[in-house]
Each structure stands twice: as C-alpha cells, then as structure tokens.
1. Quick check: the angle from helix 45-57's long axis to the longest principal axis of the chain, C-alpha only, nearest 10 degrees?
2. Among Asn105, Asn119, Asn79, determine the one that fluctuates most according to a GNM of the chain built with springs between C-alpha atoms less than 10 Å apart.
3. Assuming R0 = 22 Å, can you tell me the calculated FRET efficiency for the pair Leu69 and Phe101, based on Cβ-Cβ distance, to the nearest 0.05?
4. For region 104-209, run through the chymotrypsin sites (Phe, Trp or Tyr not before Pro) and keep only the ones in DSSP coil with at most 12 other Cβ atoms within 10 Å of their Cβ.
5. With springs connecting C-alpha atoms under 10 Å apart, model the chain as a Gaussian network and identify which of Ile77, Ile132, Ile173 has the largest mean-square fluctuation.
6. ³J(HN,Hα) across region 77-89 via Karplus (A = 6.51, B = -1.76, C = 1.60, θ = phi - 60°), whole Hz, x for Gly/Pro?
7. Treating only the Cβ atoms of Lys and Arg (+1) and Asp and Glu (-1) as charged, compute the dipole magnitude of the chain about its Cα centre; round to the nearest 20 debye.
8. Per-residue HN-Hα couplings for region 156-170, Karplus 6.51 cos²θ - 1.76 cosθ + 1.60 at θ = phi - 60°, whole Hz, x for Gly and Pro?
Amino acid sequence: KGTLIINGVDTNFPLDPLIWFQRRLFVWNNVVNGGIDFSSSTAGLFFHLLQVIPYKIGFNLQSVQIINLVFWFSLIILNSIIFAKAFFPKSFLIQILFVVFYAFNPYLFNSWENVKVANLSLISAIPLGLVIIMYLDSKRIDKKRAVFISVLIGIILSGSGINPAYFFVFFLILAIFFISNIMTNFNISSILFRTKNFLLVTLVVFLVN
C-alpha cells in the first residue's frame, strides 16, 4: 500500500531491474569483494525479464512489482484451471476445489510474502507438464504442438533452476505420474508409447533449461 514494495533476501526484487537483469547474463558476479560464483544467475533470465520490460516502459517500482505478482499468480490459477478441466472434465465443483486448494495451499504462503522465484516457477509449471503428458497419452495433441508447449513450460520452469532441488521436483512429479499411468495399463505397446511421450516432454523441458 502507499509507495511500499515487498523486498528482502529471498524476494529477488531489484531496485534497478535493468542492472539486476544484466548481471544474470554472467556466471560470475564482480559486485562482492573479488567476485563470487554466480552459476545459477541465468536461471532467472525469464523471471527478471518480466521486471525489466515494465520498468523500461516507465512504470515505477511498485507498479512493476504488482505487474509481476499479478502475472505469476494468474499463471498459477490459469494452469491449475487447465489441469482441472483436463483431469476432472465432468465435475465443475471438483475443478473449483482443485484450483482453490492448489493455488492457495500453505506451501505458497511464503511465496505470497516473499515472491520467491523458484517456488512460483515450479508451481506454475507442474499442472501444464502433467496435462501435456496426459494429452499425448490420449492422442488429444500431436507431438509438434507438445514440443512447442514443452518449450514454454521449460521457460516458465527456468526460475526454479535458482534452487536446483525445485527444478528436479518437477521431473520427480512427472515421473510419479508416468509410473502410475503404466501401472494401470500394463502392456508392452502401451508402456513404449507412454515412455516416448514422457521422454519427449521431459527432454525438451530439460534442454530448454
């Protein structure tokens, strides 16, 4: 409220978004003492680009932060809606309940407070990743479109690379989904088909990052 912004150690919200973004182009940071390793910097390129664009257009810092908050939390809502409609197509009530519980779960409380890059990237990407695999398995989407959407997922997920454990959680969740799928339809042709779909999505997302 007023002219306040949310900031702190984990927030990754810069007072000069352009300089902050330019530092992410290098894996060595010369700001502190003789310099420090900054290998995870490139993981924040997309996340911090969303801060640079409105800042360069002329928005003040508070407006830039509001735009970013609206973007990330809207993306979480949108992707959870896409997931709910894909997995629970016949029940509007279950769709609403899923979106509410997914988007407002206790895990995200800290993200609301601190605007954490890795948390927001991970939670935004998970539902879409699962939907693409499901659509490939049910042949509701072709491989070209799946690759294109997987590239977008990879870009959204890139911010989680700041904390590699978050990045690998995405693949763990997709792997659990994949294993549960092949266990429900245990025949060789189905396993091979689903394995190709799983590898296609995960490999594209991994290579983008």
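The values are calculated or read from the model by the stated rules, or taken from the named source; none is laboratory data. None of these values were measured; they are calculated from a predicted model. Positions of Cβ are backbone-derived with ideal geometry, glycine not excepted, and every protein chain shown enters the neighbour counts. The area values use the complete protein model at the heavy-atom level, side chains included, leaving out ligands, DNA and RNA. Shrake-Rupley method; radii C 1.70, N 1.55, O 1.52, S 1.80 Å.
1. 50 degrees
2. Judging by the Gaussian network model, the answer is Asn105.
3. The pair Leu69/Phe101 has a calculated efficiency of 0.60.
4. Numbers: sites: Phe104, Tyr107, Phe109, Trp112, Tyr135, Phe148, Tyr166, Phe167, Phe168, Phe170, Phe171, Phe177, Phe178, Phe186, Phe193, Phe198, Phe206; in loops: Phe104, Phe186.
For chymotrypsin sites (Phe, Trp or Tyr not before Pro) across region 104-209 that sit outside H, G, I, E and B with at most 12 neighbouring Cβ atoms in 10 Å, the list reads Phe186.
5. Comparing Ile77, Ile132, Ile173 in the GNM, the peak value goes to Ile173.
6. 4, 4, 5, 6, 5, 4, 4, 4, 5, 6, 8, 10, x
7. That gives the chain a dipole magnitude of about 680 debye.
8. Values, residue by residue: 4, 6, 3, x, 5, x, 4, 10, x, 4, 5, 4, 6, 4, 4 Hz.
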